[in-house]
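The values are calculated or read from the model by the stated rules, or taken from the named source; none is laboratory data. All values reported here derive from a predicted model rather than from experimental measurement. Glycine gets a Cβ as well: all are built from the backbone with ideal geometry, and neighbour counts include every protein chain shown.
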Amino acid sequence: MAHTARRWRNAAAAVTAAGLLALGQGTPGAAAAAEPRIDLRVLVVDNGDSPVRAITAQLRSTGIPYTTVDLNDTDRPTITDTFLSDTVNGVPRAKFQGVVLPNEAPFGAGSAEQTALERYERTYGIPQVDAYTWAHPGVGLEHTGDGGWAGTLDGREASVTTEGKAGWFGYLDGAFTFEDNDPAVLESYGYIAKPRTGFTSYVDVPVPGGSGRGSLIGEYAHDGRRELVVTFAYNEYQQQFRVLARGIVEWLTQGVHLGRARHYFAVHVDDVFAPDSRWDTERNCTPGDFDCAGGDGEGTAPIRMTAADAQYAAQWQREHGFTLDMVYNAGSGEEWKAQHGGTDALTDRLLADKARYRWINHTYTHPFLGCVQDTSTVPWSCAKNADGSTRYMSRADISAEIRNNYNWGVAKGLPLDRTELVTGEHSGLKTLPQQPDDNPHLAGALADNGVKWIASDNSREPAQRPVGAARTVPRHPMNVYYNVGTEEEMVDEYNWVYTSAADGGSGVCESNPAATCLDEPLDTATGYAEHIVPQEARTALGHVIGNDPRPHYAHQSNLAEDRTLYPVLEKVLADYRALFADNTPLQNVAQSAIGIELQRRATWQTALANGSVTAYRIGNTVTVTAPSGTQIPVTAPEGTTKQLLLGTAEFGTPYAGRRSAWTRPTALQSALTLKLP
């Protein structure tokens, strides 16, 4: 990281008397000798194209403050010297630590705005990202006609160069493949080109039909300025961007910025100890559901793990270095035991291995904790009291379900956190369209039992919100169905949901604008492994590498019979470990930790939106002020220390080649101060 510190010192030295005069900041003298203040904020010049929007999304997700200038807004501010810089207490100030542009010269070469921007970058040593441009000598590359190539990159393997690994992209193992989700659709177009003098390639790819390799991302140093040149198109959801986004942002900020990003993956296994209903492949419904004719559980055997399945789960965790969250219903297990001679080998096996898992309270018997359901019609509705008001499960009944399950777990020695809860079907929380509001008795019952973090369904409520004194933790549903035990059952139900009526499906995909129908039904023998597993793993991995801490959830039925969940998890883990270096491990954390992370992020974004955060760097000192008590996310190089009231302490924890943390000033300090190496 020594070269990073030198760059910032060189940038400070560049503020000469001539530079200050050019900026209209006074005459040479004492002020000219002072190191400039660099505000920790990014300038984004947005033309509406997806590459700029993708980088902006990464800034927002990381927690980096930014200012957007919309080129499509006729009332936008003009880029001038005074827009970009000024003085604070006699010290020259650069208002932005980095600049994101749609291309190398969006204002037009030689224009007043482009000239002001280039002068600013040159004076203060501010880096510039060209979000997407074509290969030409103006960005340090040969034309593609000179030993390069232009065309679709779908399915092509790119690599991080030696220089990229030694610097900003060192968190990657090396190679990655551009997505090719649909051979009929061009998903990513790019220019592969040979570097010229002054250009250092960080990511390259073999030249198709030619020789050698050409750059896709690289740094062009010229005329006292530095540009990160990206020559392929992308959007914020594509895997190739998400893999590279961290490196782009670290280069842009030179590794010192507000915000932090990590890769999270937690998997909740719901209904542990309870049986799950089984999909009826003849009637295309689940017995027991209100809309399944002849239901109430008749006709199919329920799905429940065996002792062998439990033993395999513990073994699988050891082999893959991953911990599952067992979300349990003790009362349902006790009922099963009573119906089967008073013994239960599954419970015995899971309890024998209890220390190997994390455990979460899922209520004692998995009842619906919202309104009392009136099932006389399909779909069901909320039952009414005599006065027409909605009839809800009582606070006492909800509290008993939570308390009894927790007490059972404590008696069995489960390693529990009483602040965590997952209700059956996320019930008690609002359930649209029938129940538009939370059960008014839910918040009180949570408080009665010390619950601070209650799971919600991310597909319905992606944002964290309060439930009384508790807060939600949105979870991603995995598209591995709760009501199937075998791969064939999974494919059968998947076909019913995702094929047209003409192909024998439900036709739901035809009426749902958010769904896409399959071209033809999947083969029940091969469809799970060949289509569903890679698709679901790709979705989950997208969440993981998108700095999304929300947990995923499946069900105990997915660990039984064909054990359908494991192939998905194994692909996510294998694909992740093939992409990322050992210094960027998966963060497999508990529900409460995820809840705290989401809460801190929301508080931080509010502080940024309110303009109540000030952060800047002068030389090797970073100073941040924020509202009292606010946890501040910061990323900095190895060797950074935090200033205490007396002395210093090592800052943060290592991740992806940097150190980062949520932190705040210690008692009696008005600002957070970090000393960079």
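Listed values, structure above:
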| quantity | calculated |
| --- | --- |
| From the options Ile192, Ile248, residue that is in contact with a strand residue (DSSP E or B) (Cβ under 9 Å, 6 or more places away or on another chain) and over 30 Å from Thr673 (Cβ atoms) | Ile192 |
| Members of the range 70-99 found to be under 28 Å from the mean Cα position of the chain (by Cα) and crowded, with 20+ Cβ neighbours inside 10 Å, listed by number | Phe96, Gln97, Gly98, Val99 |
| Residue check for Thr363: on the phi > 0 side of the Ramachandran plot and of a type in the set (S, T, N, Q) | yes |
| Residue within the range 305-321 that is assigned to a loop (DSSP other than H, G, I, E, B), β-branched (Val, Ile, Thr), modelled with pLDDT under 95 and in the same structural domain as Leu586 (by TED's automatic domain parsing) present | no |
| Qualifying residue in the range 140-160 (condition: under 26 Å from the mean Cα position of the chain (by Cα), of a type in the set (Lys, Arg) and at pLDDT 95 or above) | yes |
| Thr564, sole failed condition from (1) closer than 24 Å to Leu40 by Cβ; (2) of a type in the set (Val, Ile, Thr); (3) surrounded by 19 or more Cβ atoms within 10 Å (Cβ to Cβ) | (1) |
| Qualifying residue in the range 279-295 (condition: buried (at least 18 other Cβ atoms within 10 Å of the Cβ), at pLDDT 90 or above and in contact with a Leu (Cβ under 6 Å, 6 or more places away or on another chain)) | no |
| Selection within the range 113-123 - more than 26 Å from Arg53 (Cβ to Cβ) and either under 35 Å from the mean Cα position of the chain (by Cα) or free of Cβ contacts under 8 Å to residues at least 24 places away in the same chain (or both) | Thr115, Arg122 |
| Qualifying residue in the range 556-571 (condition: charged (D, E, K, R) and at positive phi) | yes |
| Residues that are among the charged types (D, E, K, R) and buried (at least 16 other Cβ atoms within 10 Å of the Cβ), drawn from the range 308-333 | Asp309, Asp325 |
| Hey, Thr377 of a type outside the set (A, V, I, L, M), surrounded by 17 or more Cβ atoms within 10 Å (Cβ to Cβ) and either closer than 30 Å to Cys292 by Cα or modelled with pLDDT of 95 or more (or both) or not | no |
| Residue count for the range 496-547, restricted to those that are touching a residue at least 24 places away in the same chain (Cβ under 8 Å) and more than 30 Å from Glu597 (Cα to Cα) | 11 |
| Residue, farthest from the chain's Cα centre (by Cα), within the range 205-225, restricted to residues that are surrounded by fewer than 20 Cβ atoms within 10 Å (Cβ to Cβ) and closer than 19 Å to Glu104 by Cβ | Asp223 |
| Of all residues in the range 124-166 being in a helix (DSSP H, G or I) and either in contact (Cβ under 8 Å) with a residue 12 or more places away in the chain or among the basic types (Lys, Arg) (or both), the one that is nearest to Trp251 (Cα to Cα) | Gly164 |
| Test result for Val422, under 27 Å from the mean Cα position of the chain (by Cα) and at negative phi | yes |
| Conditions (1) of a type in the set (Gly, Ala, Ser); (2) in a loop (DSSP other than H, G, I, E, B); (3) exposed (fewer than 13 other Cβ atoms within 10 Å of the Cβ): number failed by Gly505 | (3) |
| Candidate set: the range 473-491, residues that are of a type in the set (D, E, K, R) and in contact with a helix residue (DSSP H, G or I) (Cβ under 9 Å, 6 or more places away or on another chain); chosen: the one surrounded by the most Cβ atoms within 10 Å (Cβ to Cβ) | Arg475 |
| Enumeration of residues in the range 520-561 that are surrounded by fewer than 18 Cβ atoms within 10 Å (Cβ to Cβ) and within 22 Å of Ser277 (Cβ to Cβ) | Thr524 |
| Number of the exception - Gly341 against (1) on the phi < 0 side of the Ramachandran plot; (2) exposed (fewer than 15 other Cβ atoms within 10 Å of the Cβ) | (1) |
| Meets criteria (surrounded by fewer than 18 Cβ atoms within 10 Å (Cβ to Cβ) and either modelled with pLDDT under 95 or within 25 Å of the chain's Cα centre (by Cα) (or both)) for Ala463 | yes |
| Number of positions in the range 201-216 that are within 23 Å of Ala54 (Cα to Cα) and touching a Phe, Trp or Tyr at 6+ places or on another chain (Cβ under 9 Å) | 5 |
| Boolean, Tyr202 is assigned by TED's automatic domain parsing to the domain that holds Arg156 and either under 26 Å from the mean Cα position of the chain (by Cα) or outside any strand (DSSP E or B) (or both) | yes |
